[in-house]
Amino acid sequence: MSMRYQIFVPCDSIARAVGADQVAAAIVAEAAKRQITVDVVRNSSRGMFWLEPLVEVSTSAGRIGFGPVSVAQVAALFDAGFHTGATTHAACIGEVEAHVYLKSQERLLFARAGKTDPLSLDDYVANGGFAGLQRAVAIGADKTLAEVQASGLRGRGGAAFPAGIKWNTVKEAVADQKYIVCNADEGDSGTFADRMLMEGDPFLLIEGMAIAGLTVGAPEGYIYVRSEYPQAISHLEQAIKTAVAAGFLGSNVAGSGKAFNLHVRKGAGAYICGEETSLLESLEGNRGLVRAKPPLPALQGLFGKPTLVHNVLTLASVPVIADKGGAYYHNFGMGRSRGTMAFQLAGNIKFGGLVEKAFGLTLRELLEGYGGGTANGKPIRAVQVGGPLGAWVPPAHFDMEVDYEAFAAKQAMLGHGGCVVVDDSVDLAKMAQFAMQFCAEESCGKCTPCRIGSTRGVEVIQKIRLNQQRDENVALLEDLCETMLHGSLCALGGMTPFPVLSALRHFPQDFGLGSKEGQS
Amino acid sequence: MTPDQHAVVARILSARQQEPGALLPILHDIQDQLGYIPETAIADIAFAMNRSKAEIHGVISFYHDFKMSPPAAHELRLCRAEACQSMGSDALAAHVHACTGIDEHGQTADGQLAVRPVYCLGACATSPAMLVDGQLHARVTKEALDAVLQPILNKTTGGAA
């Protein structure tokens, strides 16, 4: 019998956007030409995006990686015997899981990233999948809730609200219908962890939602995915079909006798729909106008019924908590920030990708240690943490530990863990203007501070940049930001001042003001 | 609407209208099949959903994705968000403007090319990124942009709409 070689080429949409499909086809064609039998598996991405397309070869000594691979290199890779695990080709990075970027990570959420075929239920189950759901069914709703409470898990979408409190509120609510809603409207620049997870391990989100549904007594669930993520939508839809057929979803979830039905809904390009009440309006078929709170969605959410709304990563954290217990999860992290955070290194960065670590490392370890500094070798001038509503953090603060409270103390926010790095060519006054512009573009229009304030903000920053009555306009901008911070209905208007004021505070010279850079 | 378009809308409405909160899926289905949402479909949708025409129009106009006129033959969407800006997307946008003469949200007079901004494609570790006719490209260089843009521009008669 001739030898068969197993070769992995990621099907992640970013790997595909840099040529993975062409590389996979070239490997198949070249192997055929050389009469070598290969099985090409389309796995998920490891999250080391600077190496994509990252091709892996299965050997007795683990997976050997090669990246980034171009179509033009494929013949030479075969010449070097890469398919046998030979490590002589220049693109070889050695054993993938021994790579320094991966080895030091603490991957609970992304435990399967890069290892499995995202749509293979067998792969998922063989790698620990559905163990959490099965334990949740075995121990019952009250004990599952206790595990979630003990874990210290907080909402990963940005607001960091304790999940256990929310679950308890929905569970205790008395109603004829309840819902689980997954907010997968990941619109923040610099974030891609939700996309990676939905494309790369869709069964994990399904499992987390099923556990949530059984625990709080909600038989229906919706995943609201932004339209910019078509592959996440298609992978979720396929995985849901598979899970229904296997009895992990549907009328009798994992033999529990309880139902949980899951639906995928596609957004339509409105950033504001990442705000939970706007998302609920959108799911109901309305304009995505933000609702005033109270009532809380946990009591009156989708279609007026008690609704557990969580981000993708919050729900995807649940299976490991249900499987290994709340205490296991709580052992990771520091202070009131427990568990792991999926940091996303993005923008002008050498080693951009996903770093899942327990809370408590420093920004410097993330950006310089993992990230390797900027892509072009220039100094890092600032990093925007937490998306377009996050503060610009100067290098003087890079040694602070990453947890929710430490960031809040520096008038910054950790948000969803996205880090956009910029080099010293950046004009932070221009970025401040962009923040206001973006808010003006995406405001739902319901409240005045956001709707009008953002447009006035653009104008005032323009005047500052053009040195028109600069000092008066700086005072006006600070006043406007104060109004938006305290008077807006939701985080869009309420947090747009974060990037604006942080740019002004830490980089005043970009606004033509004469004080030293990097002061806090 | 043509009789064919009318039949498509009717089929979508009868398949979807019983779903809870069905309006967005209905609008997506219509746009997927017809390329846009014809003005005259609004009355049919409103009737089927038991809502006012103004409400349906309000929902369509709220979301950036929904179009009420036939789409251009090709669509280019450059990511303009912060991560892509940090890797030179402004220069790419200026290059597109210089080559096409059309602004963001603009379209060539002959309907060959539309340019729309997008804010984040989830490719922030491989910036800059763009979508061309729904196909995602990352680590976009000026040369890579030209490789997809020039064949489209060769088909246009030029000029902004």
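The values are calculated or read from the model by the stated rules, or taken from the named source; none is laboratory data. Since the model is a prediction, treat every value here as computed from it, not as a measurement. Here the Cβ is made from the backbone with ideal geometry for all residues, glycine too, and neighbour counts use every protein chain on show.
General remarks:
- Tabulated pairs, the range A:5-23, first within 9 Å of chain B (Cβ to nearest Cβ), second assigned to a strand (DSSP E or B), C-beta under 8 angstrom, 6+ apart or interchain: A:Ser13/B:Leu136; A:Ile14/B:Leu136; A:Arg16/B:Leu136; A:Ala17/B:Leu136; A:Ala17/B:His137
- The set of residues from the range A:256-277 being touching a Cys at 6+ places or on another chain (Cβ under 6 Å) and either more than 14 Å from chain B (Cβ to nearest Cβ) or of a type outside the set (Asp, Glu) (or both) comprises A:Gly267, A:Ile272.
- Residues of the range A:260-269 classified as out of contact with any Ser or Thr (no Cβ under 7 Å at 6 or more places or on another chain) and either under 25 Å from A:Ala160 (Cβ atoms) or not β-branched (Val, Ile, Thr) (or both), total: 5
- Across the range A:278-301, the number of residues qualifying as within 14 Å of chain B (Cβ to nearest Cβ) and not acidic (Asp, Glu) comes to 12.
- Scanning the range A:224-241 finds one or more residues that are assigned to a helix (DSSP H, G or I), in contact with a Phe, Trp or Tyr (Cβ under 6 Å, 6 or more places away or on another chain), among the aliphatic types (A, V, I, L, M) and surrounded by 23 or more Cβ atoms within 10 Å (Cβ to Cβ).
- Taking the range A:396-448 as the range and being within 14 Å of another protein chain (Cβ to nearest Cβ), hydroxyl-bearing (Ser, Thr, Tyr) and in contact with a helix residue (DSSP H, G or I) (Cβ under 9 Å, 6 or more places away or on another chain) as the test, only A:Ser443 passes.
- Which numbered condition B:Ile37 fails, given (1) part of a loop (DSSP other than H, G, I, E, B); (2) loosely packed, with under 15 Cβ neighbours inside 10 Å; (3) under 22 Å from the mean Cα position of the chain (by Cα): (2)
- A:Gln519 vs. criteria outside the structural domain of A:Lys293 (by TED's automatic domain parsing) and at pLDDT below 95: yes
- Criterion applied to A:Arg451, A:Arg456 was being assigned to a helix (DSSP H, G or I), within 14 Å of chain B (Cβ to nearest Cβ) and surrounded by fewer than 24 Cβ atoms within 10 Å (Cβ to Cβ), and the one residue passing it is A:Arg451.
- Verdict on A:Ala342 being buried (at least 24 other Cβ atoms within 10 Å of the Cβ), away from chain B (no Cβ under 12 Å), in contact with a strand residue (DSSP E or B) (Cβ under 8 Å, 6 or more places away or on another chain) and touching a residue at least 40 places away in the same chain (Cβ under 8 Å): yes
- Residues of the range B:72-113 classified as in contact with a Gly (Cβ under 7 Å, 6 or more places away or on another chain), small (Gly, Ala, Ser) and at pLDDT 95 or above, total: 4
- Within the range A:155-207, considering residues that are among the polar types (S, T, N, Q) and surrounded by fewer than 23 Cβ atoms within 10 Å (Cβ to Cβ), the one nearest to the other protein chains (Cβ to nearest Cβ): A:Gln177
- Number of the condition not met by A:Leu109 [criteria: (1) more than 13 Å from A:Arg46 (Cα to Cα); (2) in contact (Cβ under 8 Å) with a residue 40 or more places away in the chain]: (1)
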